[in-house]
Amino acid sequence: MAFAILAQCLNLLLCALLLLKTEGFNVGITYVQNAVAKGAVCLDGSPPAYHWDKGFGAGVNNWLVHFEGGGWCNNVTTCLSRKSTRLGSSKEMVKEVAFSGLLSKFKKFNPDFYNWNRIKVRYCDGASFTGNVEAVDPATNLHFRGARAWLAIIEDLLSKGMRSAENAILSGCSAGGLTSILHCDNFRALVPIGARVKCLADAGYFINTKDVSGAQHIEAFYSEVVATHGSAKNLPSSSCTSKMRPGLCFFPQNMVQQIKTPIFLVNAAYDSWQIKNILAPGVADPHGHWHSCKLDIKNCSPTQLTTMQDFRMQFLSALNGLGTSSSRGLFIDSCYAHCQTEMQETWLRDDSPLLARTTIAKAVGDWFYDRSPFQKIDCPYPCNPTCHNRVFDPKKLSEL
């Protein structure tokens, strides 16, 4: 009897701990079926999709449209490898996803946006929703139609109430954060003129720099993405593609200064994805000297940390084009992290990362509602004890 009671107590404790850990809730999927007739589709020709938790109370006319991340594909081979996964087909997407962080419906965890219409758009085109190639090779059946899919999704949301928006945010994480930068002014143009509209990019400020071997790895990769997906026509023309090669306009540092809509950047200066894939990709480190360091920043040697400090300085230099207008927001912490707005632990919790004693949630909320501007850059690693530094499973160390 005592053993049964103990087992029951342990089960309850486990459930409580799991609830505390997730602090999220599941939201069902919506397919934009009418997009297929417009050719506005995922890589495999399936309809784009999103998850929508409807606004309530005072937030019923407020909209937060958040784009998920997932890297890019740069040629037919890499796009084919994505085509039959959730990153290339809505047929392969789970029917429900957990909402937490800036997508939470609980005031305690998301005080400024909890009652908004919160949408998570699934990523399935492989080019941050910029591609638009009319031809479809029957041998591969690959559809490079991300820009069309983006427009179809926004038009679908407009038809479902966003046309009456009073406040709206276009946001995203990682490749989705890049989407929110590249499409920021497009979003502003489609939302009602009287609405307050701003953009938020989380871990989307990818910089153009050499890898540890001295090669321009990410520059070549982005150029291939843009060429494969026919993205050039959907990148800023007057401010960028008329002045430099289109692939360079995939880097925010080359076009962000021309964005007219207010925008807030949340980024780790030692962004774990960029350290793993831009600074020290596997192709630049054939003997695996960086492998342990990329798994856990505590494993990095003094020489590697010096290289990462130099990367931080290059990242900060790439931010110079953003300007100093209070319409621009910055939360640049010195954590080894990637995507900090979607997870409750880094968005808003008692132990969340702080800059100037301020959480990401408060910084973004104060900036959005014009309560106070926020432009803060952290001191160098390892100065910030509030960081939640990522530690990776060695079996899941992704590369480009």
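Structure values in brief
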| item | result |
| --- | --- |
| Pairwise FRET efficiency - T306 versus S213, Cβ, R0 = 22 Å, nearest 0.05 | 0.85 |
| Heavy-atom accessible surface of the chain: percent carbon and sulfur, 1.4 Å | 57 |
| Fraction of the pair-distance distribution of the stretch 79-167 above 16 Å, Cα-Cα pairs, percent | 65 |
| Radius of gyration and Dmax over the Cα atoms of the stretch 88-137, both given in Å | 15.6, 50 |
| Summed residue charge, Cβ within 15 Å of P353's Cβ, Lys/Arg positive, Asp/Glu negative | -3 |
| Peptide ranges 126-132, 339-345 listed from the most packed, as the mean C-beta count within 10 angstrom indicates | 126-132, 339-345 |
| C-alpha center-to-center spacing [the stretch 33-84, the stretch 206-242] in angstrom | 22 |
| Chain lengthening between D137 and K38 when straightened (0.36 nm per residue, less Cα-Cα) | 33.9 nm |
| Accessible area of R82 in the full protein assembly, 1.4 Å probe (Å², nearest 10) | 30 |
| Rh by Kirkwood over Cα pairs, then Stokes-Einstein D for the stretch 180-326 at 1.567 mPa s and 4 °C, µm²/s | 78 |
| Potential lengthening between V60 and R357 on full extension [0.36 nm per residue; Cα-Cα distance subtracted] | 103.8 nm |
| Charged-residue dipole, Cβ positions (Lys, Arg, Asp, Glu), the chain about Cα centre, Debye nearest 20 | 620 |
| Residue-normalised accessible area of the stretch 23-377, expressed per residue, 1.4 Å probe, Å² | 36 |
| Highest-first arrangement of 322-329, 277-284, 261-268, where packing means the average Cβ count within 10 Å | 261-268, 277-284, 322-329 |
| Segments 304-310, 30-36 sorted - mean Cβ within 10 Å per residue, highest first | 30-36, 304-310 |
| Listed residues Q258, H287, I332: farthest to the positive end of the dipole of the chain (Cβ charges) | Q258 |
| Added length on full extension, which subtracts the Cα-Cα distance from 0.36 nm per residue, A220 to K395 | 60.4 nm |
| For the stretch 23-377, the spread of Cα positions along each principal axis, largest first, Å | 55, 54, 39 |
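The values are calculated or read from the model by the stated rules, or taken from the named source; none is laboratory data. None of the values given here were measured: they were computed from a predicted structure. Neighbour counts are summed over all protein chains in view; Cβ atoms, including those assigned to glycine, are modelled from backbone coordinates with ideal geometry. Protein only, heavy atoms only, side chains kept; ligands, DNA and RNA dropped before computing areas. Shrake-Rupley method; radii C 1.70, N 1.55, O 1.52, S 1.80 Å.
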